[in-house]
Amino acid sequence: MKSLLSCLLFFNVLCFLLFALDKRKAQRNQRRIAEKTLHLATLPGAAPGAWAAMLLLHHKNRKAAFWGITLGLTLLQGAVLYFAWPYLRAQL
């Protein structure tokens, strides 16, 4: 269980940092990180990191399509957690 939580923390921090890097590149008019890459970084349980970056850094706030995909990934992760919870709880 500790290794799972460590992995989730790692992916959330990584996702947040990717969003922060993309925000910095946007401010400097440099080549940006592709939205597809940001979504892929969100996929392995890193929705909280993505939302934190979007809300704290005010990044990708005006893009409804980006929000929609991020919301979909969040719901997917919630469903996986909901159905995996009995198994994870048994491991404690």
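Would you mind telling me the share, in percent, of accessible area of the chain contributed by carbon and sulfur at probe 1.4 angstrom?
The nonpolar share, carbon plus sulfur, comes to 68 percent.
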- [ ] Mind giving me the nanometre distance, one decimal, between the label points for ARG62 and ALA79, set 7 Å out from Cα along Cα→Cβ?
- [x] 3.3
Task: Å² per residue, accessible surface of the chain at 1.4 Å - done: 71
Task: Expected 222 nm ellipticity per residue - DSSP helices of 4 or more, -39500 (n - 2.57), all of the chain, to 500 - done: -26500 deg cm²/dmol
- [ ] Would you rank THR70, THR37 by solvent-accessible area, highest first, keeping every protein chain in place and using a 1.4 Å probe?
- [x] THR37, THR70
TODO: Considering the options THR37, LEU21, PHE10, tell which one lies farthest towards the positive end of the dipole of the chain, charges being +1 on Lys and Arg and -1 on Asp and Glu at the Cβ, about the Cα centre.
DONE: LEU21
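Using just the alpha carbons, could you tell me how many Å³ per residue the convex hull of the range 39-92 encloses?
So the per-residue Cα hull volume is 75 Å³.
When the dipole is taken about the Cα centre of the chain, and only Lys, Arg (+1) and Asp, Glu (-1) are charged at their Cβ, what size is it in debye, to the nearest 20? If you can, show how the numbers build up before the last one.
On the way: 12 positive and 2 negative charges, 87 e Å.
I would put it at about 420 debye.
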TODO: Just reorder LYS63, LYS36, LYS2 by solvent-accessible area, largest first, 1.4 Å probe, all chains present.
DONE: LYS2, LYS36, LYS63
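Grab the alpha carbons of the chain, take their convex hull, and tell me the volume per residue in Å³.
Taking the convex hull of the Cα positions in the chain, it is 86 Å³ per residue.
The values are calculated or read from the model by the stated rules, or taken from the named source; none is laboratory data. Not measured: the values here are computed from a predicted model. All Cβ positions, glycine included, derive from the backbone under ideal geometry; neighbour counts span all protein chains shown. Side chains included, ligands, DNA and RNA excluded: accessible areas come from the protein's heavy atoms. Shrake-Rupley method; radii C 1.70, N 1.55, O 1.52, S 1.80 Å.
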